[in-house]
1. Write down the accessible area per residue of segment 36-143 in Å², having rolled a 1.4 Å probe over the full set of protein chains.
2. Given a 1.4 angstrom probe, I'd like the percentage of the accessible area of segment 40-95 that is carbon and sulfur, rounded to a whole number.
3. What FRET efficiency, computed as 1/(1 + (r/R0)^6) with R0 = 22 Å and r the Cβ-Cβ distance, is obtained for residue 151 and residue 118, rounded to the nearest 0.05?
4. Please give the contour-minus-distance gain from residue 79 to residue 52: 0.36 nm per residue of separation, less the Cα-Cα distance, rounded to one decimal in nm.
5. Over the heavy atoms of residue 147, what accessible area does a 1.4 Å probe trace out, to the nearest 10 Å²?
6. Computed FRET efficiency, Cβ-Cβ of residue 59 and residue 136, R0 30 Å: what is it to the nearest 0.05?
7. Can you tell me the length gained on complete extension of the stretch residue 184 to residue 200, counting 0.36 nm per residue apart and subtracting the Cα distance?
Amino acid sequence: MKETTSFKNSSLKYIKYLIGMAVVCLTGFTEIRLNHPDYKATKPGEADIKVSGTSNLHDWTMEAKAISCSAKFNFHSGNDQPESITALTLSVPVQELKSGESGMDSRAYTALKAKQFNTIVFELTSATLTAGRKDQFQVKSMGTLSIAGVSKPVAMDAACLIDAGGDITCSGSAKLKMTDYQIKPPTFMLGALKTGNDLTINFKLVVKK
């Protein structure tokens, strides 16, 4: 009887050992297979945002280069292209947007309520990645864009390229209306120049590990 009990105890210990080893192996395999590196663009030249619009006299563009962007891509072992994006935040200081004309910049900052809300922020809510040719992929994303204290959902599509060093360059555009963010289109020269309501945002980001 004692021998039977001892045999059962030994068997249970062995089974528990096998289960424990299986858990360790599976955990290790998951850690090897899944890679979630953080990417950032914080230096001048790593990010460029252009906001373009119209007026009754001529088109105009404001550009910002001092931008902060952070993103998290998911890679699987053996795959050079990411399979998903789990997080992305893009911040643009309002007063970094420059048109080259101080008068226009000043009115634009007033319209954007820069003293109260000094940063334009885009936060990713969902994204779908589609692989293209080697080192290239497309992103269709949805996110929340906050301008002048108003937050709205917006779609942004981007074409992305991974270079030999692993840096990822993403470029794309989005369209929106000033009035969607409760912004009154600015006027200039005592109302002689009136800006249009439609805006186009073009962006290029180089994010690095």
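The values are calculated or read from the model by the stated rules, or taken from the named source; none is laboratory data. As the structure is a prediction and not an experimental result, all values here were calculated from the model. Please note: Cβ atoms are built from the backbone with ideal geometry, for glycine as well, and neighbour counts cover all protein chains shown. Keep in mind that these areas ignore ligands, DNA and RNA; they rest on the heavy atoms of the full protein, side chains included. Shrake-Rupley method; radii C 1.70, N 1.55, O 1.52, S 1.80 Å.
1. On the way: 6050 Å² over 108 residues.
Spelled out: the 1.4 Å probe surface of segment 36-143, per residue, equals 56 Å².
2. Working: 1380 of 2740 Å².
So the carbon and sulfur contribution to the accessible surface is 50 percent.
3. So the FRET efficiency works out to roughly 0.90.
4. This chain segment gains 6.0 nm when fully extended.
5. Its accessible surface works out to 10 Å², give or take rounding.
6. With a Förster radius of 30 Å, E is 0.45.
7. In short, 4.1 nm is gained.
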